[in-house]
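*Asks:* Below is the structure I would like to discuss, written out as structure tokens.
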Amino acid sequence: MNAPARQEHTRSYYAASANPAPERPSLQGALQVDVCVIGAGYTGLSAALHLAERGYQVAVLEAARVGWGASGRNGGQIVNSYSRDMDVIERRHGKAAAEGLGAMAFEGGRIIRERIEQYNIQCDLKNGNVFAAFTQKQLDELAAKKRLWERYGHTGLQLVDRESMRGIVASDQYVGALLDNWGGHIHPLNLALGEAAALESLGGRIFEQSAALKIHPGGRVRVETAGGEVGCRFLVMAGNAYLGDLLPALAEKSLPCGTQVLTTERLPEALAKSLLPGDHCVEDCNFLLDYYRLTADNRLLYGGGTVYGARDPGEVERLIRPKMLKTFPQLADYKIEFGWTGNFSLTLSRLPQAGRIGDNVYYSQGCSGHGVTYTHLAGRLLAEAIDGDSRRFDRFAGLPHYSFPGGRAFRVPMLTMGAWWYGLRDRLGL
């Protein structure tokens, strides 16, 4: 039988500028550990690192390379809270749920900074992210967001009016913004690689090119790969949008959908600084939002849109470059050097899903676009629950986890129709 083809990182700016990292071996033979984690993205690495710090023997199975999925392809923005905020949570699920989740809404960003400092992770951390408003209605909503977040203890927020926007971003599109000084941006793949190295420094083991093929539940769970198997007391499912049908009960409750990202060639330093004088990352307030920031080597990284499945780099440039030039027409003469796509996991409620299957299989999925911070929080909560304190984990596990109506056959048409409708609303300024 031929060995399966190696899966390498997509051709992205992140992969081209990644810190040196070893190629980890694939799993060969049988291994016994306390906890097996499926997926070496942020959720899996965060959970594994928290568990290793608590003294657990941990093995991570990764189908491709560390950070191969969304964790190594995303916009690199540290955005606080969840894809649905506490006011929506309170309306849908009650005050207790909003207060419970609200108490954790800004923790993920703190965990990222703790990891960077504790393990000396070189990932180009910069502080500050901006929510930019096209309309007065969006700016009023940002003012409401500021009041809401301040109710939950956030003290680092600043409303920006149209006149002050030129000190934030060199574009005439916006009427104002909300600056979150607790947000920021990073090189996401280098963060994942640094967390993987931190895990290995504590004795954790990572096996690349080791897709989980079958799960055998029981008092000790067994996970089969092409080259061997892992036996464990606890299993953590952390594959998110790339989990596939390994556990069908999870697959029917989330939808993989993609976003596109490109980066320019290196820009003259003076031009780069003029585009984003505060070196913040920016996302706009449309439902189908665009987002952008400067990289450490003075490229503009620009992303946006929602699609199902990957697109080739030429199509990414065709779709995203016009958006970039609408924001920054001063970049018309500069080349695009990288374009790529990546999937993230969307839920019907737009809230993350966490829970248990049986007594010893744990999962977290469905960040719905807020994955950089939530996944780091999820890893801590998974470790707490496995270690015997599930109070905070159960705040998420207690939320309803809806299946998409009509099953898998209708998920993609529903997403396409929804994207069209919200895109129309964005264009009309509704």
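The values are calculated or read from the model by the stated rules, or taken from the named source; none is laboratory data. As the structure is a prediction and not an experimental result, all values here were calculated from the model. All Cβ positions, glycine included, derive from the backbone under ideal geometry; neighbour counts span all protein chains shown. Ligands, DNA and RNA are stripped out before the accessible areas are found, and what is left, the full protein with its side chains, is counted by its heavy atoms. Shrake-Rupley method; radii C 1.70, N 1.55, O 1.52, S 1.80 Å.
*Asks:* Please list, in chain and number order, the residues 5+ apart from Ala226 or on another chain whose amide H is under 5 Å from its amide H, with Hs placed from the backbone.
*Replies:* For Ala226, the qualifying residues are Ala211.
*Asks:* Provide, as a two-decimal number, the C-alpha radius of gyration of the stretch 71-191 over 2.2 N^0.38 Å, N being how many residues it has.
*Replies:* 1.14
*Asks:* Carbon and sulfur together cover what percent of the accessible area of the chain at a 1.4 Å probe radius?
*Replies:* Carbon plus sulfur share of accessible area: 51 percent.
*Asks:* For the Cα atoms of the chain, what angle does the longest principal axis make with the long axis of helix 42-53, in degrees from 0 to 90, nearest 10?
*Replies:* Here the helix axis deviates by roughly 50 degrees.
*Asks:* Rounded to the nearest whole Å², what accessible area per residue is found for the stretch 134-245 with the 1.4 Å probe?
*Replies:* Value for the stretch 134-245: 41 Å² per residue.
*Asks:* Taking each pair of distinct Cα atoms in the chain once, what is the resulting Kirkwood hydrodynamic radius in Å?
*Replies:* That comes to 22.0 Å for the chain.
*Asks:* Continuing with this model, one more query. Let me spell out the model: positive unit charges on the Cβ of Lys and Arg, negative unit charges on the Cβ of Asp and Glu, origin at the Cα centre of the stretch 84-128. What dipole size does that give, in debye rounded to 20? Display every interim value, and only then the final one.
*Replies:* Values: 8 positive and 8 negative charges, 24 e Å.
So the magnitude is around 120 debye.
*Asks:* Using a 1.4 Å probe, what is the accessible area per residue for the stretch 39-125, in Å²?
*Replies:* 33
*Asks:* With +1 on the Cβ of every Lys and Arg and -1 on the Cβ of every Asp and Glu, and nothing else charged, how large is the dipole of the stretch 1-127 about its Cα centre, in debye rounded to the nearest 20? Could you put the intermediate results ahead of the total?
*Replies:* Details: 14 positive and 13 negative charges, 58 e Å.
Roughly 280 debye, rounded to the nearest 20.
*Asks:* Return one quarter of the surface area of the convex hull spanned by the alpha-carbon atoms of the stretch 1-72, equal to its mean projected area, in nm².
*Replies:* For the stretch 1-72, averaging the hull's shadow over all directions gives 6.0 nm².
*Asks:* Here is a further query. Rounded to whole Hz and in sequence order, give me ³J(HN,Hα) for the stretch 226-232 from the Karplus expression 6.51 cos²θ - 1.76 cosθ + 1.60, θ = phi - 60°, writing x for Gly and Pro.
*Replies:* 5, x, x, 8, 10, x, 8
*Asks:* Right, next: How tilted is helix 107-118 with respect to the longest principal axis of the chain? Cα atoms for both, answer in degrees (0 to 90, nearest 10).
*Replies:* Once rounded, one gets 80 degrees.
*Asks:* Right, here's the next one. Each label point is 7 Å from the Cα along the Cα-to-Cβ direction; what then is the distance between the points at Val175 and Ala296, in nm?
*Replies:* Spacing of the two 7 Å Cα→Cβ label points: 3.9 nm.
*Asks:* Let me ask you something else. Using a Gaussian network model on the chain with a 10 Å cutoff between Cα atoms, which of Ala270, Ala103, Ala18 fluctuates the most?
*Replies:* Ranking Ala270, Ala103, Ala18 by mean-square fluctuation puts Ala270 first.
*Asks:* Just to be sure I understand: with springs between alpha-carbon atoms less than 10 Å apart, which residue in Leu267, Leu51, Leu191 has the highest mean-square fluctuation in the Gaussian network model of the chain?
*Replies:* Of the options given, Leu267 has the highest mean-square fluctuation.
*Asks:* Search the structure for amide H atoms under 5 Å from the amide H of Phe338, placed 1.01 Å from N in the peptide plane, and list their residues when 5 or more places away or on another chain.
*Replies:* Under 5 Å from the amide H of Phe338: Thr263.
*Asks:* Over the stretch 177-286, what lengths in whole Å, largest first, do the semi-axes of the equivalent ellipsoid take, defined as the square roots of 5 times the eigenvalues of the alpha-carbon gyration tensor?
*Replies:* Equivalent-ellipsoid dimensions as semi-axes: 39, 19, 14 Å.
*Asks:* When the dipole is taken about the Cα centre of the chain, and only Lys, Arg (+1) and Asp, Glu (-1) are charged at their Cβ, what size is it in debye, to the nearest 20?
*Replies:* It works out to roughly 720 debye.
*Asks:* Turning to a different aspect of this structure: What FRET efficiency comes out for the pair Phe287/Gln28, r = Cβ-Cβ distance, R0 = 56 Å, nearest 0.05?
*Replies:* E(calc), rounded to 0.05, equals 0.75.
*Asks:* Computed FRET efficiency, Cβ-Cβ of Lys137 and Lys95, R0 30 Å: what is it to the nearest 0.05?
*Replies:* 0.65
*Asks:* How fast does the stretch 7-141 diffuse by Stokes-Einstein, in µm²/s, taking the Kirkwood radius from C-alpha pairs at 10 °C and 1.306 mPa s?
*Replies:* The Stokes-Einstein estimate is 88 µm²/s.
*Asks:* Would you please name the GluC sites (Glu not before Pro) within the stretch 190-281 that are DSSP coil residues with at most 11 other C-beta atoms within 10 Å of their C-beta?
*Replies:* Details: sites: Glu195, Glu200, Glu208, Glu224, Glu229, Glu252, Glu265, Glu269; in loops: Glu208, Glu252, Glu265.
Answer by residue number: there is no such site.
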